[in-house]
Each structure stands twice: as structure tokens, then as C-alpha cells.
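The values are calculated or read from the model by the stated rules, or taken from the named source; none is laboratory data. Because the structure is predicted, anything quoted here is derived from the model rather than measured. Methodologically, a virtual Cβ is constructed for each residue, glycine included, from the backbone with ideal geometry; neighbour enumeration extends over all protein chains shown. Remember, those area values only see protein heavy atoms, side chains included, never the ligands or the DNA or RNA. Shrake-Rupley method; radii C 1.70, N 1.55, O 1.52, S 1.80 Å.
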Amino acid sequence: MKGAPRQLHVALMLAATAALLFALLIYLLYAANLIAFPYDYDQGEGFELHDTALFSRFQLPYRDTERYPFYASNYPPLFHMMAAPFVWLFGPSYWYGRLLGFLASVVSACAIANAVYRDGERQRWIALLAGLAFLSSNFVYHIGPLFRQHTMMVTFETLAVVLLASAFPKRDKRGIAAALGLLICAGYTKQLAAITAASALVWMFLRAPWRATRWSLAFAVGGAAAFLWLNFASGGQWWIQAIVANVNDFIPDQAIGLFILWFKLHGLLLVPAVMLLIYELYFDRLSIYSIWLVFSALLGGLASGTWGAGDSYFVSSIAVVCILSGIFCSRLLTNAPGLPGIAGGASIARFSRAGLIIVPLLYLGYARATLKMPTDGAFEPVAKALGVAANVREDFYDSATFLVGGYARIGYFLTDADWEAGAEIVQLIDDTDGPTLSEEAGFAMAAGREVVTNPTQLRNLHLAGLFDGSQLIELIARREFGIVILRAQFYPPPVLAAIGDNYQHALTIHMNGFDYSILYPMELDGGEGTPDDNGLPD
């Protein structure tokens, strides 16, 4: 098509590309800022680092929490095993785990772009926008450069699904085996990958039941063998720590709020993705992408409402939304058949002409819906031009805000004050004798101290009736810990009560948007502490 519509299309596509490249720039700067930071940023990073350090010593983190140091992990091993060689070279540090997470998100974006290009009429520009759209998502931005296993899980999932979409119809045995192997890798990176595995197996069964059954049996044998080995090697602790104690309370308001936020941020791409799904349902065969969208959005969304979960549980669905919407937009721009509600060449042509304007506007609007950026320094003129002001911190704008439960309160850039606060906490540990009891493992590791306990895991075990804690409580009662560091009071209530009875609040240090309470042992005769009515500082 020539003339004014085509010129307007190119101008709008350039605008959408520029907007998504700006989002990529913010993501790169955020990742670089975070990778350099030597302390905890997101709650739980320190425990992932400690798991990695244990694996580097060929030790499993699935342990008996009733014995000192009362530590256990509920995370599968693969991500930590991938990062373990870095410990041999550099010692325990956050930067390489964060770098792995960031690179994994880029690999996911490339896999998305490849799927859109391959299955969407070979439209390079749309494929590029689809990949950039994934990295622009607020949810992806949050977890991408963290020392967390979730991003790597999504990468394994995305690679598996994109490969399986091509390999299974072609009866490519090597491709199918590789895709199912990637799904096993995803599952042993994080348990949530079971949702994607289920969607892939269902799709295979719908395409070729007998062939799918044979491959599913091989998949089950491979996954079960790894499971049984882990349980045997850990003396049964793998089953207790990673499975039994990994079931948390469901918070309906959190799940509903995150569903609404997910649609608010990604709705402009979700609509064309669902349109393609509906067309496949009524006029074609359901693709693996459509089934993955249904499973990941519904089951992943429900799982996001559990205690300790959050917006990251939607990232798999965002990957497939970017794929389906990209394929839809590619077909729309190439007069391709297979679009909902279109019959006849003239109708296709008219719809395609409208797509010249609609498609870039969808991506441009999506870039605005997912906007997040600093609002000070060099970005102040840009923020003013875009009409945004700081809304989650004094120097950062996030279109999602922090008002929805489960939406991680991270994403802003770290400052010199955060570095100084972290160094101050580490110095306080250095200045004390005895072990450290901290809700963030990174401080103890930075001070060269042993990591004692994993508070969220102890909480989960306590709720499941699997944690007695008498030995830990006895150590607290004897005031054996030289310092206690609390951030969110995640320990089980009996442990918190023991801390309140035996430790007094000395000061609060603000770092990374959170308040860290520093407590010291009371004097043996009772001391001068003034804890509040539940024994803990306000």
C-alpha cells in the first residue's frame, strides 16, 4: 500500500519503536544500577545467594530447620547451580545472579521475537516490537535483574514452547526432546513452571493423543528421576521444604487486584491476543500459544494471590501475550487469512488498511501504559514533556503505582544513601560478637558471618505444623545472637515473641525504601528496653 496511509504507518511505527526503545533504556539503566549494588534489594535475594553458595560447596540447601543454623530453602536447585561456578571465582556476590536474570529476560524477548517472525508472516518490525514489549512490562522490569529464579524459569518456558510449537507438528524428535527437557529445567528452576508444562502436554494431546502420551511418559520419567534423587540426597527434606511447606495462604483481594493491574498495563496487547485465540477456537486449531495463555493467565493469576507471591506470577502470561498479539498484528498487516470476522479479499484489504494505523497505535499506547522512569536529574525534562511526576518515590514514576497488594515495591534506582545504609548495617554486625539473626541474609554474608535461619521458610513450616523451633527460641532466650535485624517481621509468631522478650530496639536504618530495625540483647537482669506491647519495635 502506498500514499498517505503508508507514510502515516511508518511514522507511527517509528514512534512506537522509539517509545519501546526508551523503555529498554530505562530497563538497562535500572539493571546496571542494581547489578552494582552489594546488598539485598528485593526480599529473599540474600537467601537465593546463600543457596548458591551452598551448591558451590556441593551442599544441598534442603535441611532440618530444627537444628542450628535452622536454615532451609524452598527453591528448586537449577538456577543456583547455574550461578554456583561464579562463587568459585568471585565469592558470594549479588552481581552475577542479577546479571543472569537480566540476560535471561533478554533471551526470552529474543525467543518471543523469533516466534512472532516465524509464525507471523515474517514481519521483522512487528517481531522487534513484540520482543521489546515484553521487556517494557512493569512486571518483567521488576524481576528481570534480580537474583531470583523466576526470570530464568520464564526463559526456559518460553524457549520450550516456541521450540515445541514447531517441532511437534513436524515430528522432530530431537526438537521435541529438547523442548521437554527445557520444561523440566523450568520446573527445577521454580515449581510454578508446572502450569506451562501442563499447557504444553494438553496441546500435544489435542494434536496427536497417542504420540503425546508416549512423550508425556518420557517427560514424567525424567522429571520424577530428578525429584527422587533430590529427595534421597536430602534425606527427605526436599519433599518437606520444597513441596509440603510451599503452600501458602490465599489472599483473594491480592489476586483480584493483580488481575486488574495486569489487564490495565497489558490490555492493549491482550485484546488482539485474545482475538487470535477466539479465531483459533472457532475457525482453526488451537495453537500451543493460545492454550499457554489460558493456563498461565488463569492459574498463574490465581497463584499470584498466595502469600509471598505477586506480580511476577503473571510474567509467563505476558510472554505469550506478546507472542499472540505479535502474530495477530503481523497477519493483519500482510492481508493474511485467518483473522476473526473477515471473509473475502476486499474485506481483508480494508481491515489491513485499518491495521496500518491500529497496529502501531497499539504498541505506542502499550509503551505509555507501561511507562516507568526516574523523574529527576537528566530525566526531569523528559518527565515534564511526558506529563508525569514522581508517584512511588520522590524521584521515580511507575504507571502501576504501589497501591495493589502483591505488586513489588521495587523498580526505582538506588542512591548513595542506600549504599551507605547497607554499609552501616554491615559495620554494626562487624562490631558485635556472636551470630547474627537477620531477615536479610546478605548483610551476614557481607560481614563474613554464617547465615542463620530463613524467616519466610520458618513461617511456612510453622503454618504447616512442621516447625517446633524450641532450639532457636532457646538461643534467643539466652541472648546468644549479638544482633537481630528485622525488616518485615516474617518469623513465626513464637520466634517474634522470643525476640521481643529478649532484645531491645536500638535504631532504625532506612535502605532501599524499607526500614531495618536493629535490636540488641537486653541486659541479663532485664535491661532498659522499651518494646511495644507485642515485644517488637513499631
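Here is how the numbers come out for the structure above:
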{"read-out": "Helices (runs of 4 or more DSSP H) within the range 1-112 that include 1 or more residues more than 24 Å from TRP239 (Cα to Cα)", "value": "4-35, 78-90"}
{"read-out": "Every residue from the range 305-324 that is modelled with pLDDT of 95 or more and of a type in the set (A, V, I, L, M)", "value": "VAL315, ILE318, ALA319, VAL320, VAL321, ILE323, LEU324"}
{"read-out": "Output for the range 493-516, where each listed residue is in a strand (DSSP E or B) and either over 25 Å from PHE467 (Cα atoms) or open to solvent by 40 Å² or more (accessible area, probe 1.4 Å) (or both)", "value": "GLN504, HIS505, ALA506, LEU507, THR508, ILE509, HIS510, MET511, PHE514, ASP515, TYR516"}
{"read-out": "Odd one out for LEU103, checked against (1) open to solvent by 10 Å² or more (accessible area, probe 1.4 Å); (2) modelled with pLDDT of 95 or more; (3) closer than 28 Å to ARG331 by Cα", "value": "(3)"}
{"read-out": "Residues being farther than 20 Å from GLU45 by Cβ and assigned to a helix (DSSP H, G or I) - total across the range 113-143", "value": "20"}
{"read-out": "THR52 being open to solvent by less than 10 Å² (accessible area, probe 1.4 Å), out of contact with any Pro (no Cβ under 6 Å at 6 or more places or on another chain) and more than 30 Å from PHE139 (Cβ to Cβ)", "value": "no"}
{"read-out": "Wholly enclosed helices (runs of 4 or more DSSP H) of the range 192-308 bearing at least 2 residues among the small types (Gly, Ala, Ser) and crowded, with 21+ Cβ neighbours inside 10 Å", "value": "194-207, 288-303"}
{"read-out": "2 or more residues open to solvent by 30 Å² or more (accessible area, probe 1.4 Å), among the small types (Gly, Ala, Ser) and within 30 Å of TYR68 (Cα to Cα): qualifying helices (runs of 4 or more DSSP H) within the range 372-483", "value": "470-477"}
{"read-out": "Cross-chain or 6+ apart pairs with Cβ under 9 Å, the range 385-410 first and among the charged types (D, E, K, R), then assigned to a strand (DSSP E or B) and open to solvent by less than 30 Å² (accessible area, probe 1.4 Å)", "value": "ASP395/PRO374; ASP398/LYS372; ASP398/MET373"}
{"read-out": "Count of the range 349-407 residues which are farther than 17 Å from PHE134 by Cα and not β-branched (Val, Ile, Thr)", "value": "33"}
{"read-out": "The one condition in (1) under 18 Å from VAL320 (Cβ atoms); (2) small (Gly, Ala, Ser); (3) without any contact (Cβ under 8 Å) to a residue 24 or more places away in the chain that ALA225 fails to fulfil", "value": "(1)"}
{"read-out": "Pair list, Cβ < 7 Å and 6+ apart or interchain, from the range 414-430 residues that are under 22 Å from VAL451 (Cα atoms) to residues that are in a helix (DSSP H, G or I)", "value": "ILE425/PHE443; VAL426/PHE443; VAL426/ALA446; ILE429/PHE443; ILE429/ALA444"}
{"read-out": "Subset of the range 106-130 (residues that are open to solvent by 70 Å² or more (accessible area, probe 1.4 Å) and of a type outside the set (Lys, Arg))", "value": "CYS110, ASN114, GLU121, TRP125, LEU128"}
